[in-house]
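Worksheet: one structure, shown below.
The values are calculated or read from the model by the stated rules, or taken from the named source; none is laboratory data. Small disclaimer: the values here were computed from a predicted structure and weren't measured. Because the Cβ atoms are built from the backbone with ideal geometry, glycine has one as well, and the counts that use them run over all protein chains shown. Remember, those area values only see protein heavy atoms, side chains included, never the ligands or the DNA or RNA. Shrake-Rupley method; radii C 1.70, N 1.55, O 1.52, S 1.80 Å.
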Amino acid sequence: MPEQLLQFLATGVTVGSIYALVGLGFALIYNASDVVNFAQGEFVMLGAMTTVALLNAGLPLALAGVVATLLTALVGLLLERFAIEPAAGASVVSTIIITIGAAIFLRGVVLLLWGKGFHALPPFTGDAPIQFWGATLLPQSLWVLGITALLVVLVRAFFNHTLLGKALLACSFNRNAAQLVGINVRVMLRLAYALSAALGALAGILVAPITFTSYEAGVMLGLKGFSAAIVGGIGNPMGAVAGGLLLGVLESLGAGLISSGYKDAIAFLFVLMVLFFEPTGLFGHKTAERV
Amino acid sequence: MKDRVWSNILVSALLLAGAQLAGAAEPIKIGSFLAVTGPASFLGDPELKTLQMYVEDINARGGVKGRKLELLHYDTGGNAKDAVSFSKRLIKNDNVDIIIGGTTTGDTMAVIPDVEKEGIPFISLAGAVEIVEPVKKWVFKTPHTDRMAVAKIYEDLRKRGLTKVALITGDGGFDKSGRQQLLDLAPQYGIAIVADESYGNKDTDMTAQLTKIRPSGAQAIVNFGLGQAPAIVTKNMKQLGIDLPLYQSHGVASKTFIDLAGEAAEGVRLPAAVLVVAEQLPGADPQKPILLDYKKRFEAKYGPVSTFGGHAYDGLMIAVAAIERAGGPDKAKVRDEIEKTRGFIGTAGVFNMSPTDHMGLSLDAFKMVEIRGGAWKIVE
Amino acid sequence: MRLLGFSAFAAGVALLPVLFPDNYFVTVVGVSAGLHVILAVGLNLLMGYAGQISLGHAAFFGMGAYASAILTTRYAWPSLLAMAAGLLAAGLIAWLLARPILRLRGHYLAMATLGFGIIVHVVMVQATDWTGGPDGMAGIPPLNLLGWEIDSDRRWYGVVAATALLAIWLSLNIVDSRIGRALRAVRGSEFAARMMGIDTTRAKTQVFVVSALFAAFAGGLFAHQQAFVSPDSFNLLVSVELVIMVVLGGMASTFGAACGAIALTLLNEGLVVFEDYEMLIHGALLMTVMIFLPQGLFVGLNRLGRRLWIAVLSRHGSPPQ
């Protein structure tokens, strides 16, 4: 039983860190613009699918990954420039619908470019399972865990210690005030989308060897990433990571200890409970409402 | 691609104008609704491609009874609600003569009430046995049933002397129906189900379920599922070092599964239609030339063949033969002729339909295959 | 004005089947559009007027549908009674859920309703003995209105069109009532509304329940009309689609929501001929409309029309008022 429990936890943490990576992208854009970008899952899919295509075209994996990340960042930037920016001043819900439209659009583009098939990326360093105290992990899971941890540290450092990061945060707190102190809000927003898209693409490339990818892969990952970001407290990158891990572990424990069929229901029931007691998520800002 | 759409539109417009002028030589309309996108897309996609390829081919050779075939199809995305509205659209708006389609059991079952009410021959491409059992007047199907797949798996288990089995199935219609058959048939074959786990079809990790299965004392694991999930199950088993025989369903009989699961797929057994192992059949097998011909054509145009496109081929050919025998697309006559299909050699096997059997395949149409060296090998 | 709009709308709905008898796009698509109108108008009360988002509305739609499906096929209840039971169940669950869930705001509310929708969907898929699992339940008998069987597409068009109009009329009245005014105050500022002595929790709970009832009612009709239900019809994508209908048409406008529902139904039906291009076009259209008409189709086009009208008038010499 203890080994079993350990395996459930190992599984949960692996799956959870995937959710966390996607959630991080949600948090980034929300931080800069107060918009929840429902195309975030599609960035993840785009990163993985582009890498697959480049790999098939003969590029080595590392180079394909870098190019795919840059291309996805470009897509993020274009999305901000041509879909979000012209709608400045629209209500939050209208903006959400625009991002949903963008998600459907991106899925449609990938469908036309690369078809409906499932694709796998080769694992970065083989797939000989790693044993520890009776539980096993794939080397790729360690990559996911390691890079998630690294990105978390980087994102945190970016917002807390760099001028650019602080400027981004300022845009979220008060756009007009940010403009007044000389921050180019427009450039900041584009930057936020590009960064978040790159983050998503990176996540997609990391997890594709484990989860495979297809033009529809972003839907589920986007949903779980969104949940992670909200449970953790939207706008808090650390919260998104905690939320992702929590969700992953809950699903895994739910499947292992209670019922595998109902595991999603169990996980979301827990999420509801969290929100009922902490209405702004686990680590959300407790802001006062302006009247 | 874009050019093709426009040329399609242009051609259809011209055809329409032509048909109006010619009057008498109206095309025979074949309606289809398939899950070309969505979770069952790797079934629906080759089905559509096969229908398109062979309708084109038949028309190039002069059509049926001097009349061209016209294929009208809609993509359900595997959503039964869409299947219902598209079947209505086919029947009422497009006035098709026959329907060949219904990739998934859910799609098929959902449209049966309308099909029966309107009285239109319908050849389904979905698996579950409930489609033709009990027999419905207007409904036929070409793929093997999931019950046959389960029987084949259990026979193989019995041969190997394995009696304790763990099930792991997805949450889709195909998976759930297969699970039900696995549970129902187990006592007949003296099999004890020692674990029964499930997963979501879009899940990315099934190690929790497999970890739970490990201490259950199972001697073999059976996985019924579609899409990428069975490949993940296969990989996860290898990761956890669970060294039990793994049986998959006929739902993974496509090259994609082997590509996705990689080395972990070695040694996996599954019941499959002979299409994927056509080359290994003895030369005297009457199915062999048909299989090789279909395979050659499909692969020349679209890439690796899967058994699913074969079901569409069988459906279309049975329909065309019935229309020819009936002397035209009269719905009631065509239905009667489909029911009289005997000794039709298709990709799934030899079809012998009757008023009590609207599928007409026997268990030996299935072969137990094992994946060795990244390819299928017959193990019988 | 409101009465005029309603009458014009009703006349159009009634005329369609007369002008195009037995036309697929009128009877079959029309029924689907009508059900969507009921759903969107109900959701608009919650979203447009009370300012509360719901990403789980398909759950109530599904409860109504499954109540009808289960009670009529397994227990041979008469269809009207089954529908009533569905309304009761959905209303009760909405009422129980309203208090804890409507304390949440914005994205957290979206998350909670989404989670609720997913839980209900999982139950539909997993509770096979009750719901038939992912393959759903077939063989649901047609609606029986006191001896009158609704079993043809044209009859269904009549029933659904009438109930959709009723839904619009109800919504218009709710908006103009005391609750409606309270709701709009909640939307403006909940805090300020409370200061003015409005029982905001009560107002929000009421509208949540009403909105769930609209959805469950549509669900019951849907089950009897399709004669078949499966969990696919009530998943997250459906919930999202409903939100899109409301926003696309124009929030906080009953006619806007109805227009959005009809527009999206027609769009989905029309785009299928583009096959693989469907998604691309769907996504692009959605983005374009929201970018250029952020107020929604109904409000946006109305405004555009008015501006054109004024331009025409001023060219002919009569100054705009």
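Restricting the stretch A:118-174 to residues that are outside any helix (DSSP H, G or I), out of contact with any strand residue (DSSP E or B) (no Cβ under 8 Å at 6 or more places or on another chain) and among the hydroxyl-bearing types (Ser, Thr, Tyr) leaves a set whose member that is nearest to the other protein chains (Cβ to nearest Cβ) is A:125. The set of residues in the stretch B:38-52 being open to solvent by less than 20 Å² (accessible area, probe 1.4 Å) and touching a strand residue (DSSP E or B) at 6+ places or on another chain (Cβ under 7 Å) consists of B:44, B:47, B:48, B:51. Residue count for the stretch A:138-164 under the criterion of being small (Gly, Ala, Ser) and crowded, with 18+ Cβ neighbours inside 10 Å: the result is 1.
For the stretch C:91-104, state whether one or more residues are away from chain A (no Cβ under 14 Å), open to solvent by 10 Å² or more (accessible area, probe 1.4 Å), within 24 Å of residue B:112 (Cα to Cα) and in contact with a Ser or Thr (Cβ under 8 Å, 6 or more places away or on another chain). No. For the stretch B:110-147, a tally of residues being away from chain C (no Cβ under 12 Å), of a type outside the set (D, E, K, R) and open to solvent by 20 Å² or more (accessible area, probe 1.4 Å) returns 3. Test residue C:112 against the criterion of being open to solvent by less than 20 Å² (accessible area, probe 1.4 Å), modelled with pLDDT of 90 or more and more than 8 Å from chain A (Cβ to nearest Cβ), and give yes or no. No, not satisfied. Within the stretch A:42-53, one or more residues are of a type in the set (Asp, Glu) and under 19 Å from the mean Cα position of the chain (by Cα). Against the test of being part of a helix (DSSP H, G or I) and under 20 Å from the mean Cα position of the chain (by Cα), the options A:70, A:112 yield a single qualifying residue, A:70. Scanning the stretch A:105-137 for residues that are open to solvent by 30 Å² or more (accessible area, probe 1.4 Å), over 20 Å from residue B:204 (Cβ atoms), among the aliphatic types (A, V, I, L, M) and in contact (Cβ under 8 Å) with a residue 60 or more places away in the chain yields one hit, A:113. When the stretch B:308-332 is filtered for residues that are of a type in the set (Asp, Glu) and either under 14 Å from residue B:294 (Cα atoms) or outside any helix (DSSP H, G or I) (or both), the ones remaining, listed by number, are B:314, B:330. Quick check: is even one residue across the stretch C:52-62 assigned to a helix (DSSP H, G or I), under 29 Å from residue B:82 (Cβ atoms), out of contact with any His (no Cβ under 7 Å at 6 or more places or on another chain) and open to solvent by 20 Å² or more (accessible area, probe 1.4 Å)? The answer is no, given that none of the residues of the stretch C:52-62 is assigned to a helix (DSSP H, G or I), under 29 Å from residue B:82 (Cβ atoms), out of contact with any His (no Cβ under 7 Å at 6 or more places or on another chain) and open to solvent by 20 Å² or more (accessible area, probe 1.4 Å).
Condition check for residue B:191 on (1) under 29 Å from residue C:231 (Cα atoms); (2) away from chain A (no Cβ under 14 Å); (3) of a type in the set (A, V, I, L, M); (4) open to solvent by 10 Å² or more (accessible area, probe 1.4 Å): one failure, at (1).
Would it be correct to say that residue A:201 is more than 11 Å from every other protein chain (Cβ to nearest Cβ) and more than 12 Å from residue A:44 (Cβ to Cβ)?
No, not satisfied.
Out of all the residues in the stretch A:45-64, which are of a type in the set (Gly, Ala, Ser), open to solvent by 10 Å² or more (accessible area, probe 1.4 Å) and part of a helix (DSSP H, G or I)? Listed by number, the residues that qualify are A:53, A:62. Does any residue of the stretch C:217-234 turn out to be touching an Asp or Glu at 6+ places or on another chain (Cβ under 8 Å), crowded, with 24+ Cβ neighbours inside 10 Å and under 30 Å from residue C:84 (Cα atoms)? Checked the stretch C:217-234: at least one residue is touching an Asp or Glu at 6+ places or on another chain (Cβ under 8 Å), crowded, with 24+ Cβ neighbours inside 10 Å and under 30 Å from residue C:84 (Cα atoms). The conditions of being farther than 17 Å from residue B:157 by Cβ, touching a helix residue (DSSP H, G or I) at 6+ places or on another chain (Cβ under 9 Å), among the charged types (D, E, K, R) and surrounded by fewer than 24 Cβ atoms within 10 Å (Cβ to Cβ) are met by residue B:212.
Considering the stretch A:81-96, and only residues there that are polar (S, T, N, Q) and over 19 Å from residue A:187 (Cα atoms), the residue that is modelled with the highest pLDDT turns out to be A:94. With respect to residue A:234, is the statement that it is in contact with a Ser or Thr (Cβ under 9 Å, 6 or more places away or on another chain), of a type in the set (Val, Ile, Thr) and at the interface with another protein chain (Cβ under 9 Å from one of its Cβ atoms) true? So residue A:234 fits the description; yes. Cβ separations smaller than 6 Å between residues 6+ apart or across chains give the following pairs from the stretch B:229-241 residues that are more than 7 Å from chain A (Cβ to nearest Cβ) and closer than 19 Å to residue B:202 by Cβ to residues that are open to solvent by 10 Å² or more (accessible area, probe 1.4 Å) and in a loop (DSSP other than H, G, I, E, B): B:229/B:201. Within the stretch A:77-95, which residues are under 16 Å from residue C:242 (Cα atoms) and open to solvent by 20 Å² or more (accessible area, probe 1.4 Å)? Within the stretch A:77-95, A:93 is the sole residue that qualifies.
Tell me, please, whether a residue that is within 13 Å of another protein chain (Cβ to nearest Cβ), touching a Phe, Trp or Tyr at 6+ places or on another chain (Cβ under 9 Å), surrounded by fewer than 16 Cβ atoms within 10 Å (Cβ to Cβ) and more than 30 Å from residue B:160 (Cα to Cα) can be found in the stretch B:293-303.
no
When the stretch A:32-44 is filtered for residues that are open to solvent by 10 Å² or more (accessible area, probe 1.4 Å) and assigned to a helix (DSSP H, G or I), only A:33 remains.
Scanning the stretch B:83-116 for residues that are over 24 Å from residue B:129 (Cβ atoms) and of a type in the set (D, E, K, R) turns up B:88, B:89, B:92, B:94, B:97. I'm trying to understand the selection: among the residues of the stretch B:69-90, which are open to solvent by less than 10 Å² (accessible area, probe 1.4 Å), part of a helix (DSSP H, G or I) and not hydrophobic (A, V, I, L, M, F, W, C)? Hit for the stretch B:69-90 is B:87, nothing else. Among the residues of this structure, residue B:264 counts as one that is assigned to a helix (DSSP H, G or I), touching an Asp or Glu at 6+ places or on another chain (Cβ under 9 Å) and not assigned by TED's automatic domain parsing to the domain that holds residue B:32.
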